[in-house]
Amino acid sequence: MNCSKLQQCRKIVIFFLQFIKNNNKFAHDLKKTISSFYSRMNTITKNIFKLALVAGIIFFAASLISKSVDIHQLKVDGYSAETIEKPLFGTDEIVYEAPKEVAANDAVATRVKWSLLLFVIILIMVIANAFDISALTAKLTGKQAINSNNVNKWIMLIFLVVGLSATAWEYAVHGKHALLGNASSEHGAIYDSMFNITLILTTIVFVITQILLFYFSFRYAKKDGQKALYYAHNNRLEVFWTIIPAIVLTLLVLRGHQTWRSIVYADVDGTKSTNIEIFAFQFGWNARYAGDDGILGVADYKFISGKNKLGLAYEPEVDSLVVELKAAILSDQQALDNLPKTLESLKADWQAAKDMQDQEAMSSIKKEIEEINCGDRKDDLNASIKRKTKQLERIASIKKDPAVYATYFTKAEEDDIVTQELHLVKNKLVTFKFRSRDIIHSAWLPHFRAQMNVVPGMPTRFTFMPTKTTKEAKAENGPDFEYYLYCNKICGTSHYNMKMKVVIESQEEVDAWLKTQQPAFKPMPAVIAVPAVYLKDSATMTKDSSKNITKKKLALR
Amino acid sequence: MSTETLTATHTHQDEHAHHEHHEPSFIRKYVFSTDHKMISKQFLITGIIMGCLGMLMSLLFRIQLAWPDESFGFLESLLGKWAKGGKIDPNYYMALVTIHGTIMVFYVLTAGLSGTFSNLLIPLQVGARDMASPFMNMLSYWFFFASSVVLLSSFAVETGPASSGWTVYPPLSALQKAMPGSGLGTTLWLVAIILFIVSALLGGINYIVTVLNMRTKGMSMNRLPLTIWAFLLTACLGLLSFPVLLGAGLFLIFDRSFGTSFYLSDIYLNGIGAMTNSGGSPIMYQHLFWFLGHPEVYIILLPALGITSEVIATNARKPIFGYSAMVISLLSIAVLSFIVWGHHMFITGMNPFLGTVFMYVTLIIAVPSAVKTFNYLATLWKGNIRFTPAMMFAIGLVSFFISGGLTGIYLGNAALDVQLHDSYFVVAHFHLVMGSAAIFGMFSGIYHWFPKMFGRMMNNTLGSIHFWLTFASAYMVFFPMHFMGLAGVPRRYYQFSLIPEFGIWMNVNIFITVSAFLGGAAQLLFLYNFFRSIFKGKPATQNPWESNTLEWSAPIKHLHGNWPGDIPAVYRGPHEYSRPDRDLDYFPQHEVGNGEPVHYEAPAETQKTYASDNKDSATKVFFSSFAHLFLLKKA
């Protein structure tokens, strides 16, 4: 708040009021008329009048300003305000579409946005000023300012009514998306009924307690000459509202226990369901099917290599990994020995870059020199050698002991099929065996009410039965509908774009699809989600739609 | 500031010849002060500054969520390389989310709330000259300050601040190469948190000792104001749970910097290769973290509830309904909060049986919470309510406590959590029940005790407007998020426009962001009111709210030792408002009475006059007054 401006404003008001008060007879009469009119209004009308006045001023000012500011002249570097075509407010019926082409009259929406910002700023200024003026007026006219207790009491009531209506609206409009329609899995139906019971109960309690809270606030607001009831405790009442919630919660928790059991104990001994491995990594998913033998081969993080992305215990690949590792250790060792030479050549490069006045090259070379000078490069190389030696030792120890060797290299992995989509059979129990390569991820299939964390070093699993095919779901939700598996545990830069398509089909369709996939010992490259931001340069940023991004990404594969 | 006439109070004090004080130097008075009132002001102002920063961060990432495909030039000029082309970098988005959470949970709602009001009120309300150890108290603030500086300094690091969420789960936070923020930024985060824990422990032990040992004559435990009960239990929670986080943090530092494997096992990192770590478990970190993390929720909430109890009783001019029930429910919440941490981990793959156990104990917590809510409602019933800003924020807290608490019943249920875990439903839940409720408790406390802190009054009208804007905007921001979560929108996603399924929420996201900006703007009103009133507010009277508690008997001008002369003795409980045997509607604790018992029972006939047309059952009276709402009969 600008202090001098405030004082100016105050001075004007004082001057104006005193002018009316002392000098001008006409103004004196006018004031008398206004004040008699004003005094005849009761408090509430007065307040409404004042609020309306303030609101009017704000809207007037905001509309004036928003009209006078041409947004196209407000270009800041890299930013042009020509992209918005989605409405600012409105029901969610209007499906958002990413901006396509620049239309000429789009600036209106942008103007609305800017005027909103201005609106907020002006609101603050007006409120602060209005308060100062009203206090001043009260002081000068010697009248009591508005009774704020009464105003607040009424706003309490209004807030209750508006709030409950807004809640009802939310339930009606957004509530219909709740839980994405009916569940597409067997336990999902039980889940939904548990959810609905909780929803009904909590909604009732919510409405009753909120009404009580605001109604009491309204009803028992301060009145002159009224004294509150001295009522410090009532044991019967307190026991009553301890026991009632306790009983309700007991019922809920028992029902919850039942539901929980139906979810987590769907297949305790693992005999009834088909196993599929879900493999998570930064940033993508793979599914691994057991193949013809019905057994998932052993996999281990130690065996992961460029060609063997899931680390299957496939002996030829492991052997070539050992060769690769040995070569890498040698090259690391050489790099370590050559560090002084590298440093000198870098220094020469830096001198050359300096002569050519190439600032960019200079800074990058300088960075490298610093890395070597402070020993970081040496530490990195040493650590790398240590890591690889350890990995070699571990692989060797597996291969040395025949008993251990037998548990790893079972040949069951040879016909395993690694895919980038997840196809499941309708009405068939499936168990996901989760394995993470690096970070904790979480596999969330919201349509199936299924979620489980994927933890490195700790196998987790989740069993469920899909009951609705993708085709059936498309019939319900429109042709663009797809099931997805999302990552739901923060896992790094591209966490937000780490998902896998899920398809529910009949047994025959899944079998036919599996035949088109390649067998395991030549796993296909995994989908890597590159953050969209890195895919395009800033100049084209505003014009690209999300659909374009997806296309580009597909092209990158 | 109310200290300019300290010399005057000094002569006054010297006349009483109780203490021999020297005029402290500027540095000892304002910077390295050992006076609990000054330390509380330091905590408050640091907390407010951190709160503003936390809120600004939330506004920045709200812009990204509302307009994911657009670029804003001002972002680039504000954030530099982190917003190339006017669009926030995904890594920086994560960093903003992380630091927003950390600042709000630890720096604002733990230190800013508990630190401020425990320091101010404990000595003043129990009748002590200062904290048990003023020096430790000073250390507590300065550790907190150092911790804030370290945390904020991570914004100056090349790889950016910690960005693995405010829970900093390993392996993401443990592997320096896993994402940019896991480099130096996370190290600084951990150092900051360790400094913070030291601060919390130094403060907590001080609060406990002061409450237990330094109460004035007559201040028995059942005459303590509920604020003090809340601060005492909060300090106990902190003292028992923060050391666990200290351990967890140290292990994480070891894993990060010294190659140990507490939390790491079987990891192949892109660009690095197979790690040597083996045998650790990332889930162990989650157990340790949430062993603090869940009590932390109540470390945040209990002081707010305590403040609310006091403010509601004072401004409804009624004794708080069911004092003992309130204390018992506070106690049971505190005890239960130690055995429910597993409900944050239902889907980590832990034994399903363990999930069942945690589900049972979690839902038990709803019972004392319900008792508290109903007791607040009963306190308002037939009161004589004055809508001071403090009172309205307290009512707002109760409203949030109900809305957010009820969604806790979904999330505490292991079965329902399978779907709702880490969705926007969770975001909505904890922002209402913990974030908004606690910040409203803090605002309530600031408006209520501002006269005590600064000797001046804040402006009521501005306060009311601040309340209504904040209240409405908080609901507008967080209420729609429930429905987003229910429709399968995951939290901590940087860009929703990449997933067509979330398209229907784009308008809602814009609505939320605009509401957030409205809420942010409302805080400018508060800042204006707060800092203006410190210097130019109306001078406060001795007992502006006509309150009963002991702090209002201390002189308006602060003096070292709180009371000139003897510390007043206490004769009754803190909530003797509107007693039928008195003309005044309040009865200060220190006022000499007729030697009446601790719990004064209103005579039966007085009760009857209020409930004459409803025979005698209080239960009936309570519910009938609700029925009158519909029957439009005068209750």
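The values are calculated or read from the model by the stated rules, or taken from the named source; none is laboratory data. Just so it is clear, the model here is predicted, and its values are computed rather than measured. In this analysis, Cβ positions are derived from the backbone assuming ideal geometry, glycine residues included, and neighbour counts consider all displayed protein chains. Areas reflect the complete protein model, heavy atoms only, side chains present, ligands, DNA and RNA absent. Shrake-Rupley method; radii C 1.70, N 1.55, O 1.52, S 1.80 Å.
Which three numbers, in whole Å and largest first, are the semi-axes of the equivalent ellipsoid of region A:166-264 derived from its Cα gyration tensor as √(5λ)? List each step's numbers first, then the result.
Working: eigenvalues 290, 91, 6 Å².
Computed over region A:166-264, the values are 38, 21, 5 Å.
For a quick check of understanding: with a 1.4 angstrom probe and all protein chains in place, what accessible area in square angstrom does A:LYS11 have, to the nearest ten?
Roll a 1.4 Å probe over it and A:LYS11 shows about 140 Å².
Anything over 29 Å Cα to Cα? Flag those among A:LYS309/A:LYS366; A:LYS176/A:LYS489; A:LYS341/A:LYS400, in the order listed. The partial results should precede the final answer.
On the way: A:LYS309/A:LYS366 36 Å; A:LYS176/A:LYS489 26 Å; A:LYS341/A:LYS400 40 Å.
Result: A:LYS309/A:LYS366; A:LYS341/A:LYS400 exceed 29 Å.
At a Förster radius of 60 Å, what calculated FRET efficiency corresponds to the Cβ-Cβ distance of A:GLU414 and B:LEU78, to the nearest 0.05?
On the way: r = 56 Å, r/R0 = 0.93.
Plugging the Cβ-Cβ distance into 1/(1 + (r/R0)^6) gives 0.60.
At what distance in nm do the modelled label points of A:ASP292 and B:LYS557 sit from each other, each positioned 7 Å from its Cα along Cα→Cβ?
Between A:ASP292 and B:LYS557, the simple spin-label model gives 9.8 nm.
Where Lys and Arg each count +1 and Asp and Glu each count -1, what net charge lies around B:ALA569 among other residues with Cβ under 14 Å from its Cβ?
+2
Quickly work out the A:ALA328-to-A:ASP224 label distance, labels modelled 7 Å from Cα along the C-beta direction, and quote it in nm with one decimal.
The answer from the label model is 8.6 nm.
Write out the chymotrypsin sites (Phe, Trp or Tyr not before Pro) in region A:221-306 meeting two conditions: DSSP loop, and at most 14 other Cβ atoms within 10 Å of their Cβ.
The qualifying sites are A:TYR265.
Ordering B:TRP67, A:TRP350 by how much accessible area each has at a 1.4 Å probe, largest first, what is the list?
On the way: B:TRP67 20, A:TRP350 65 Å².
Largest accessible area first, the list is A:TRP350, B:TRP67.
Between 0 and 90 degrees, rounded to the nearest ten: what's the tilt of helix B:352-380 against the longest Cα principal axis of chain B?
30 degrees
Ordered by residue, what ³J(HN,Hα) values in Hz, to whole numbers, does region B:479-492 give under the Karplus form 6.51 cos²θ - 1.76 cosθ + 1.60, where θ = phi - 60° and Gly and Pro are x?
Karplus-based 3J(HN,Hα) across region B:479-492 equals 5, x, 4, 3, 6, 4, x, 5, 8, x, 9, x, 7, 6 Hz.
Compute the distance from the alpha-carbon center of region B:344-385 to that of region A:169-193, in whole Å.
Value for the Cα centre distance between the two parts: 24 Å.
Compute for region A:315-408: radius of gyration divided by Kirkwood radius, i.e. Rg/Rh, restricted to C-alpha atoms, rounded to two decimals.
That ratio equals 1.23.
For region A:315-408, with the dipole built from +1 on Lys and Arg beta-carbon atoms and -1 on Asp and Glu ones, taken about the Cα centre, which of A:MET356, A:TYR408, A:SER384 lies farthest toward the positive end?
A:TYR408
Under a crude label model (7 Å from the Cα following the beta-carbon direction), how far is B:ILE328 from A:TYR171 in nanometres?
3.3 nm
Name the shape class, rounded, prolate or oblate, that the alpha-carbon gyration tensor gives for region B:480-543, where a ≥ b ≥ c are the square roots of its eigenvalues, rounded holds for a/c under 1.5, and otherwise prolate holds if a/b is larger than b/c and oblate otherwise.
Prolate is the answer for region B:480-543, as a/c is 1.5 or above and a/b outweighs b/c.
Looking at region A:269-306, which trypsin sites (Lys or Arg not before Pro) are in a loop (DSSP not H, G, I, E or B) and have at most 15 other Cβ atoms within 10 Å?
Loop-located and lightly packed - A:LYS272.
Please give the average number of partner chain Cβ atoms lying within 10 Å of the Cβ of each residue in B:391-402, rounded to a whole number. The partial results should precede the final answer.
On the way: counts 3, 4, 0, 0, 6, 2, 0, 5, 8, 0, 2, 8.
Per residue, the average neighbour count from other chains is 3.
Using the Karplus curve 6.51 cos²θ - 1.76 cosθ + 1.60 with θ = phi - 60°, what ³J(HN,Hα) values do you get for each residue of region B:288-303, in whole Hz, with x for Gly and Pro?
5, 4, 6, 5, 7, x, 6, x, 4, 4, 7, 4, 6, 7, 4, x
Peptide B:349-358: average number of partner chain Cβ atoms within 10 Å per residue?
Going residue by residue through B:349-358 and averaging, the value is 3.
Under 8 Å for C-alpha pairs, at least 6 residues apart: give me the relative contact order for chain B, rounded to a whole percent. Provide the component values of the computation, followed by the final result.
Values: 1014 pairs, mean separation 100.6, N = 635.
For chain B, the relative contact order is 16 percent.
For the ranges B:350-356, B:297-303, B:182-188, B:131-137, what's the packing order if you count other beta-carbon atoms within 10 Å of each residue, average per peptide, and put the highest first?
Top of the packing list down: B:297-303, B:182-188, B:131-137, B:350-356.
Using amide H atoms built in the peptide plane, which far-off residues or other-chain residues are under 5 Å from A:VAL454 H to H?
Under 5 Å from the amide H of A:VAL454 lie the amide H atoms of A:HIS441, A:SER442, A:ALA443, each far enough along the sequence or on another chain.
Charges on Cβ only, +1 for Lys and Arg, -1 for Asp and Glu, centred on the Cα centroid of region B:465-552; of B:THR541, B:GLY485, B:LEU498, which one is farthest towards the dipole's positive end?
Of the options given, the answer is B:THR541.
Between A and B, buried accessible area summed over both sides at probe 1.4 Å, in Å² to the nearest 100?
14100 Å²
What does the extension gain come out to for A:GLU482 and A:ASP511, with contour length at 0.36 nm per residue minus their alpha carbon separation? Don't skip to the end; give the middle numbers.
Values: separation 29, 0.36 × 29 = 10.44 nm, distance 1.99 nm.
Extra length from A:GLU482 to A:ASP511 when fully extended: 8.4 nm.
Quick one: compute a quarter of the convex hull surface over the Cα atoms of region A:373-510 and quote it in nm².
12.5 nm²
Which value, in Å² rounded to 10, gives the accessible area of A:HIS257 with a 1.4 Å probe and all protein chains present?
50 Å²
Within the P(r) computed for chain B, what percentage of the Cα pairs occupies the region above 45 Å?
That fraction is 20 percent.
Highest first, please rank the peptides B:380-388, A:159-167 by the mean number of other Cβ atoms sitting within 10 Å of their residues.
Packing proxy ranking, top to bottom: B:380-388, A:159-167.
Please give the per residue volume of the convex hull enclosing the alpha carbon atoms of region B:104-241, rounded to a whole number of Å³.
Details: hull volume 12.6 nm³, N = 138.
Once divided by residue count, the hull of region B:104-241 is 91 Å³.
Over region B:334-490, what relative contact order in percent results from Cα pairs under 8 Å that are six or more residues apart?
28 percent
Name the residues whose placed amide hydrogens come within less than 5 Å of the amide hydrogen of B:LYS87, ignoring near sequence neighbours (fewer than 5 apart) on the same chain.
Close amide H contacts, sequence-distant or interchain: B:PHE72.
Each residue of region A:366-375 in turn: what ³J(HN,Hα) in whole Hz from Karplus with 6.51, -1.76, 1.60 and θ = phi - 60°, glycine and Pro shown as x?
4, 4, 5, 4, 4, 4, 6, 4, 7, x
Within 10 Å of each Cβ in peptide B:367-375, how many partner chain Cβ atoms are there on average? Round it to a whole number, please.
Counting Cβ atoms of other protein chains within 10 Å of each residue's Cβ and averaging gives 5.
May I ask for the longest run of chain B untouched by GluC sites (Glu not before Pro) that are loop-located per DSSP and have at most 14 neighbouring C-beta atoms (other than their own) within 10 Å?
Counting only loop sites that pass the neighbour cut-off, the longest clear stretch is B:159-600.
Please list the non-local residues whose amide H lies under 5 Å from the amide H of A:PHE464, H modeled 1.01 Å from N, same-chain partners needing a gap of 5 or more.
Those lying under 5 Å, H to H, from A:PHE464 are A:VAL430, A:PHE432.
At a probe radius of 1.4 Å, what is the per-residue accessible area of B:VAL489, in Å² to the nearest 10?
Number for this one is 0 Å².
Would you work out the charge dipole size for chain B about its Cα centre, treating the Cβ of every Lys and Arg as +1 and the Cβ of every Asp and Glu as -1, and quote it to the nearest 20 debye?
With only Lys, Arg, Asp and Glu charged at Cβ, the dipole is about 680 debye.
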